[in-house]
Structures are given as structure tokens and as C-alpha cells.
Amino acid sequence: MNWRIILTAATALLSLRYGGAWAATDANALYQTHCASCHGADRLGGAGPALLPGNLERLRRPDALKTISDGRMATQMPAFSAKLSADEIKQLAELIYTPPAVTPVWGLEQIRASRIEHVKPGSLPDKPVFKADPLNLFVVVELGDHHATIFDGDKLEPITRFPTRYALHGGPKFSPDGRYVYFASRDGWIAKYDIWNLKLVAEVRAGINARNLAVSSDGRFAMVANYLPHTLVVLDTRDLSPIKVIDVKDENGKSSRVSAVYDAGPRKSFVAALKDIPEVWELTYDEHAAPVYNGLVHDYKMAEGLAVPGPFPVRRIMLDDYLDDFFFDAGYDNMIGSSREGHSQVVNLNVRRKIANIDLPGMPHLGSGITWEYQGHPVMATPNLKEGEVTVIDMKTWQTVKHIKTLGPGFFMRSHENTPYAWVDVFNGSKDRDVIQIIDKQKLEVVAQLRPSPGKVAAHTEFTRDGKYALVSIWEMDGELVIYDARTLKEVKRIPMKKPSGKYNVYNKITRSAGTSH
Ligand code: DHE
């Protein structure tokens with residue numbers, strides 16, 4: 001008789017009989033069965049966030065129970081109430097508020113050690129290896145099987161397809177000339193891909209659970225926003241080597257997750273929203289503002305360890321409410337921010353304080369807002385994750401111009417300078433998730449609706465460089481890219497893809513088109 005089998009059987013029996021006493025073991029087993037594939041076997045995060053007490057600061061225990069039972073709006077978190085008993089859900093909630101036996105460390109040393117250099121920087125030819133307009137390419141992220149496709153926006157055909165890290169999320173970012181694209185995965189991997197040579201250049205794990213990345217307008221730096229650890233990480237874009245790890249803490253030492261970081265090009269700075277402390281940080285990469293830095297990464301690397309102020313000094317803006325995300329105005333003087341609790345505000349980066357409140361019924365999905373001119377005024381518009389409406393706000397008075405009713409809450413809204421329409425999905429709705437609604441930007445009304453594949457979720461639109469075609473994702477494992485003539489709204493073509501999520505046009509991104517995210 002095998003003793004291991006006897007022991008396992010005995011443990012299982014005891015565990016059944018004395019459920020309470022064996023709670024820890026049961027909770028761990030439950031966790032491994034139901035949670036580990038998304039949140040990581042060690043709770044350090046993966047496709048889902050890390051489930052450690054420090055990461056759950058703003059999730060009260062009753063809300064954790066509710067999240068496990070009912071799932072979480074606007075995320076991939078499913079509801080477990082039909083699969084698990086109330087007691088099992090309670091055990092899981094207890095487990096995630098228990099600190100791990102060993103505190104995870106992910107500092108400069110670990111980041112440096114994780115770096116993989118696939119190609120020596122500067123060793124590849126400086127011209128595209130294909131015949132296509134390099135500025136009218138799209139990068140399409142296919143979540144279904146963790147791949148990305150480089151897509152020709154003129155011929156409307158794929159050029160190549162390559163594997164990515166697990167669960168890419170958010171907008172990949174381009175170098176200013178559009179040659180390189182940088183991807184971030186939820187578990188902190190940053191990848192640099194050379195579009196002209198169709199080759200992966202380097203990869204580095206900048207965090208255990210990352211939110212997004214931004215690339216500086218001069219193309220030299222990438223900044224990564226992390227949930228775990230509570231850091232911002234600066235990378236040298238040439239080879240993705242880490243330059244600086246910045247601990248995110250308030251003046252009393254309380255640390256915070258970073259909600260998101262974006263590049264404020266005209267200000268030569270990165271701006272970050274923090275999730276657990278009511279502050280916004282601006283970190284300059286302007287040589288004149290941070291003299292020690294002197295414009296050369298290697299100068300700083302040599303100065304490391306010296307008692308001098310380093311580059312990327314933090315300028316704090318104190319707020320009275322948290323910000324989960326924000327969006328810049330055209331001049332990069334103001335940021336329009338929102339929090340999961342639904343409070344929205346305008347923060348002026350020059351006077352460094354809140355200057356107005358904004359009337360949005362719920363938090364928009366991050367980076368969803370777009371802008372255009374309406375009756376001589378700049379307006380911004382965004383769907384939100386709670387109510388079926390697109391809110392249009394005057395960016396001079398910060399007053400709401402119109403609440404445009406839609407079929408349900410949406411994730412993504414996109415347009416282009418050369419089209420009179422803005423396209424919005426119903427991704428977060430309970431029904432009609434297969435519809436894309438078309439809003440006339442001057443009438444501020446829904447004027448048409450498309451149902452590309454009845455019964456299948458349709459989401460995320462992006463336009464070609466000239467605004468002539470609009471590409472929509474059918475968000476299914478056996479999904480498609482559906483291409484429309486943006487003027488006639490007639491379907492032009494379909495390309496099969498594996499759960500295509502976001503698609504990013506090189507030209508629209510590097511010229512910061514008002515109709516898309518940056
Ligand atoms: Fe996203 C962008 C955060 C859920 C797909 N999402 C972003 C960005 C952030 C963010 C910070 C901006 C990154 C950038 O461009 O630099 N997303 C969040 C959340 O907090 C939220 C609500 C919960 C979470 O799970 O983190 C969330 N997002 C989702 C999804 O469930 C989606 C639909 C599928 C997925 O990939 O997980 C999703 N998010 C996207 C996409 C973008 C994005 C496709 C890029 C849009 C663009 O055009 O730029």
C-alpha cells in the first residue's frame with residue numbers, strides 16, 4: 001500500500017469532516033483551482049491583479065466577498081456564486097487578506113536580471129523590410145492566443161503575426177518615428193518590437209503587476225506604472241535596461257499603487273495618477289529642469305550611488321480625492337481625471353490644484369475620451385462603465401454640453417479628424433453588446449448603428465491614417481476584424497483573428513490624433 005495515497009485520503013477525509021479546522025488548506029486548494037490561473041499561483045498577479053493585502057487597500061472585505069460572488073464590472077473577473085458555497089467564498093476572501101509568507105521584492109536588481117536582449121541595439125537595418133506605408137500600419141493585439149498582428153492599412157491585409165507575452169493590456173506605445181512599438185503585459189513584462197524589421201528586440205520584467213507604460217516624446221525613455229511593487233520604473237528605450245526605480249510614497253511614507261502613467265509631450269514630462277494616495281505626480285525629463293541629468297542616460301548611470309538629486313524628480317500635486325485615470329486637454333495644461341467612485345475633476349498642472357468638478361455618471365474605461373471642435377469650442381466626450389450614455393463636456397467652461405443616450409455602458413470611443421462621426425461600443429452593457437453606435441459630432445446624436453456579427457461582442461474602433469476606413473473588433477476566440485468605409489458605413493472586408501482587442505494605427509498615435517488615445 002502506498003503511504004502517500006493513504007495520507008492524502010486521510011487528509012481529504014479529515015478536511016471534509018472538520019471543514020473549519022482545515023480552512024487554510026482548503027482555502028489554498030480552492031485558490032489553486034479557481035483563482036491561480038489568472039491571479040498567479042503565488043498570488044503575485046497575472047492576467048488578474050495580485051491578491052495580496054497591500055494591493056487590496058481600497059477593496060473592503062465585504063466588497064471582496066461580493067466581487068468573488070458576483071464578479072467585477074468592466075473586468076474579466078467572473079462570478080463564482082454558482083460554483084462555490086458561501087463558506088468557500090468566505091475562505092477565499094480571508095486568504096487574500098493574509099500576507100504572503102515571503103514579501104515579494106522586485107527592485108532594480110531583479111528587473112536588470114530579467115532583461116532579455118534578442119537583438120543588439122542598432123544592429124538592424126534602418127529601413128522597412130516590407131513594401132507598405134510604415135505610417136499606415138496597425139498593431140492589432142489578439143488576446144485569444146496572445147499574439148499581435150502587424151496590419152497594412154492600405155491593402156487591408158496582415159503583414160506578419162507574432163507571439164506576445166501573456167495578457168497584454170492597454171495601448172502599446174510607439175517611438176516618435178513609428179519604428180518601434182512597446183508592449184506591456186499585466187504581469188509586468190515590457191517588450192520592444194522593431195516594426196521595420198519585424199523583430200522582437202528586447203524584453204524586461206519591470207514589475208510583478210503592471211498597469212501601463214508611457215514613452216517620452218523624445219523617444220528616449222519608457223516609464224512603467226506598477227500596482228506591485230508600488231513603483232514607477234524608468235527604462236532606457238534603446239535596450240530596455242532599467243535606469244531608475246522610484247518608490248511611490250507620500251510624505252509620511254504611505255505607499256501607493258500607480259493607476260496609470262502618460263507622457264505629457266509638450267511639457268517634457270510623465271504624469272502619473274496614484275491609486276491609494278490623493279496625489280498626482282509629474283516627473284520631468286526636461287534636461288533644463290533636472291540639471292544633474294544633463295541629457296545622457298549614461299551620465300546618470302555613472303552618477304548612481306552619488307548623493308546628488310537624480311533625474312525624473314517628483315513634483316507632487318496634492319488633491320482631496322483619488323484619481324484612477326485622467327486625460328489631458330490639447331495644451332497639456334489640464335488633466336481631466338476620474339475615480340472608480342465616480343468623482344471627476346479637472347486638475348491644472350501649472351497652478352497644481354483642482355480647478356473644477358465634472359459631471360460624469362460613472363468612471364470611464366481608462367484612456368477612452370476623445371476631443372473635437374463643436375460650435376467653436378473644444379469638447380471632450382467619453383462613454384462610462386456604468387450608464388448608457390456618452391457625456392460631452394466643454395473644455396473651456398467644464399460644463400456638460402450634452403448627455404447622449406446610448407444602448408448601454410461602453411468601453412471605447414474613437415474618431416478621426418477626417419470623419420464627422422464618433423464610434424462607440426456597448427461593451428459593458430447587459431445586452432446589445434454586438435452593436436456599434438455612430439454619433440454625429442456636430443448634431444451630438446446617434447445617427448446610425450451597426451451590428452457587424454449579431455450575438456457577438458463588437459468593440460474598439462480605430463481608423464486608418466486618412467480616416468477613410470474604420471476597423472472594429474469582434475471580441476471572440478474565433479473573432480474577426482471588420483473593416484468599414486467610414487463615410488458610407490458599408491462593410492468592406494473581414495479578416496479572421498483570435499479575439500482581437502485593441503488596434504493601434506502608427507500615424508494616428510504618433511501625431512496624437514484627437515480621435516484616439518495616446
Ligand atoms: Fe483596459 C487601456 C485599465 C479593463 C482592454 N486599460 C487601458 C489603460 C488602462 C486600463 C490604465 C490605458 C493604458 C494605456 O494606453 O497606456 N482596463 C483598465 C482597468 O482599470 C480595467 C477597468 C480593469 C482591469 O482589469 O484592469 C480595465 N481593459 C479592461 C478589460 O477588461 C479589457 C476590455 C480587456 C483586457 O485586455 O483586459 C481592456 N484597456 C483595454 C484596451 C486598452 C485599454 C484594448 C487600449 C485602448 C486604446 O485604444 O488605447
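For this structure, a couple of remarks:
- Matching residues, region 490-518, being over 24 Å from Arg179 (Cβ atoms) and of a type in the set (Lys, Arg): Lys490, Lys493, Arg494, Lys498, Lys499
- Yes/no for Ile355 being closer than 21 Å to Leu489 by Cβ and either of a type in the set (Asp, Glu) or part of a strand (DSSP E or B) (or both): no
- In region 360-384, residue surrounded by the fewest Cβ atoms within 10 Å (Cβ to Cβ) [restricted to those that are farther than 12 Å from Phe327 by Cα and modelled with pLDDT under 85]: Pro361
- Residue in region 115-122 that is aliphatic (A, V, I, L, M), within 16 Å of the ligand (Cβ to nearest atom), surrounded by 11 or more Cβ atoms within 10 Å (Cβ to Cβ) and not in a loop (DSSP other than H, G, I, E, B) present: no
- Filter result for Asn197 (part of a loop (DSSP other than H, G, I, E, B) and either farther than 27 Å from Gly467 by Cβ or in contact with a strand residue (DSSP E or B) (Cβ under 8 Å, 6 or more places away or on another chain) (or both)): yes
- Annotation note: Cβ proximity below 6 Å between a residue of region 250-261 that is over 14 Å from Val280 (Cβ atoms) and among the hydroxyl-bearing types (Ser, Thr, Tyr) and a residue that is assigned to a strand (DSSP E or B) and within 16 Å of the ligand (Cβ to nearest atom) (sequence gap 6+ or interchain) occurs for no pair.
- If the condition is being under 18 Å from Lys405 (Cβ atoms) and not in a strand (DSSP E or B), then region 427-450 contributes Phe427, Asn428, Gly429, Ser430, Lys431, Asp432, Arg433, Val435, Lys441, Gln442, Lys443, Leu444.
- Residue that is within 16 Å of the ligand (Cβ to nearest atom) and more than 22 Å from Arg487 (Cα to Cα), where the choices are Gly388, Gly376, Gly408: Gly408
Here's the yes/no breakdown for (1) of a type in the set (Val, Ile, Thr); (2) under 16 Å from Lys499 (Cβ atoms); (3) within 16 Å of the ligand (Cβ to nearest atom); (4) surrounded by fewer than 22 Cβ atoms within 10 Å (Cβ to Cβ):
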{"position": "Leu156", "(1), (2), (3), (4)": "no, no, no, yes"}
{"position": "Ala184", "(1), (2), (3), (4)": "no, no, yes, no"}
{"position": "Gly188", "(1), (2), (3), (4)": "no, no, yes, no"}
{"position": "Trp196", "(1), (2), (3), (4)": "no, no, no, yes"}
{"position": "Ala202", "(1), (2), (3), (4)": "no, no, no, no"}
{"position": "Gly207", "(1), (2), (3), (4)": "no, no, yes, no"}
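- Any chance Tyr421 is in contact (Cβ under 8 Å) with a residue 24 or more places away in the chain, touching a Leu at 6+ places or on another chain (Cβ under 9 Å), within 25 Å of Val140 (Cβ to Cβ) and more than 15 Å from the ligand (Cβ to nearest atom): yes
- Residue within region 69-84 that is in contact with a Cys (Cβ under 6 Å, 6 or more places away or on another chain) and not polar (S, T, N, Q) present: no
- Some residue of region 430-443 being more than 13 Å from the ligand (Cβ to nearest atom), of a type in the set (Ser, Thr, Tyr) and closer than 20 Å to Asp152 by Cα: no
- Test: residue in region 27-34 that is under 21 Å from Leu143 (Cα atoms), more than 16 Å from the ligand (Cβ to nearest atom) and modelled with pLDDT of 90 or more: yes
- Here Asp239 passes the criteria (1) in contact (Cβ under 8 Å) with a residue 40 or more places away in the chain; (2) closer than 29 Å to Asp320 by Cα except the one numbered (2).
- The one condition from (1) at positive phi; (2) aliphatic (A, V, I, L, M); (3) within 15 Å of the ligand (Cβ to nearest atom) that Leu489 does not meet is (3).
- When region 466-498 is filtered for residues that are among the charged types (D, E, K, R) and crowded, with 19+ Cβ neighbours inside 10 Å, only Glu480 remains.
- When residues in region 447-500 are screened for being of a type in the set (A, V, I, L, M, F, W, C) and touching a helix residue (DSSP H, G or I) at 6+ places or on another chain (Cβ under 8 Å), 1 of them pass.
The values are calculated or read from the model by the stated rules, or taken from the named source; none is laboratory data. Here the structure is a predicted model, which means the values were calculated and not measured. Neighbour counts run over all protein chains shown; Cβ positions are idealised from the backbone, glycine included.
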